[in-house]
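The values are calculated or read from the model by the stated rules, or taken from the named source; none is laboratory data. Worth saying up front: this structure is predicted, and the values here are computed from it rather than measured. Heads up, the Cβs are rebuilt from the backbone with ideal geometry, glycines too, and the neighbour counts pull from every protein chain shown.
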Amino acid sequence: MVENMLKTARNLDILVLFVHPNPQRSRVNKALREAISDVSGINIHDLYEEYPDFFVDVEQEQARLLEYDVIVFQHPLYWYSAPAILKEWQVMVLEHGWAHGKNRTALHGKYWLQAVTMSGVPSSYSEEGHHGFSMEEFLRPFEATAKTCQMLWLPPFLTYGTLASMDEGAIATRAVEYREHLIAIRDGGL
């Protein structure tokens, strides 16, 4: 109880794990990243930039996670999941005996937020839609991972229609919304 009161009395530190294999070609993820790049209390960590060879430094990543209150996983939806390096990162960093397992609570009480972009429109992510499932259903493995690590799952920040239906104005608006969303979380607006 006291710990929760302390967290709401101060700004939360946010780590954004930016996961895009080719950010130069991404209109939306690039804009989202740029929108938060100058916000104090938010640190962006580009996994593809840090680990082009996919050899994740587990100790460095675990130490980094301990420094933050909120972990944001920002990535496009690739084949109903995340880009490959994020899966590698999860397997290596969120290992049994550190992030979960008997008496292993390194991430207990930290917040998990998925910030996911996808090309389809919202109606395509439904039982009746083209993909047959909602985005919430596609994100269940991430939610289960957060739960296993005793982290607190936040409602995801979803950006639909990134390929065809978002013009530059819509992208700019969504980037501002992302910035405001993370600032609200940082300032205790959970």
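Quick notes on this one:
Matching residues to (1) in contact with a Pro (Cβ under 7 Å, 6 or more places away or on another chain); (2) among the hydrophobic types (A, V, I, L, M, F, W, C):
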site	(1), (2)
PHE55	no, yes
GLN62	no, no
LEU66	no, yes
ASP69	no, no
GLN74	no, no
LEU77	no, yes
PRO83	yes, no
LEU86	no, yes
VAL91	no, yes
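- Within region 106-158, considering residues that are of a type in the set (S, T, N, Q) and crowded, with 18+ Cβ neighbours inside 10 Å, the one nearest to TYR68 (Cα to Cα): GLN114
- Look at (1) in contact with a helix residue (DSSP H, G or I) (Cβ under 7 Å, 6 or more places away or on another chain); (2) of a type in the set (Gly, Ala, Ser); (3) more than 14 Å from VAL16 (Cα to Cα) and you find that GLY97 fails only one, number (1).
- In region 8-33, the qualifying residues are those that are assigned to a loop (DSSP other than H, G, I, E, B) and in contact with a His (Cβ under 9 Å, 6 or more places away or on another chain), and the one that is farthest from TYR68 (Cα to Cα) is SER26.
- Sole residue being among the charged types (D, E, K, R) and either crowded, with 19+ Cβ neighbours inside 10 Å or under 15 Å from the mean Cα position of the chain (by Cα) (or both), chosen from ASP46, ASP53: ASP46
- Every listed requirement among (1) more than 21 Å from ALA170 (Cβ to Cβ); (2) touching a Ser or Thr at 6+ places or on another chain (Cβ under 6 Å) is met by PRO83 save one, (2).
- Qualifying position, being assigned to a loop (DSSP other than H, G, I, E, B) and either within 21 Å of ILE14 (Cα to Cα) or not polar (S, T, N, Q) (or both), among LEU107, LEU86, LEU113, LEU65: LEU107
- Filter pass, SER26 being at pLDDT 95 or above and hydroxyl-bearing (Ser, Thr, Tyr): no
- When the residues of region 150-174 are filtered to those that are in a loop (DSSP other than H, G, I, E, B) and within 15 Å of the chain's Cα centre (by Cα), the one that is nearest to GLY97 (Cα to Cα) is MET151.
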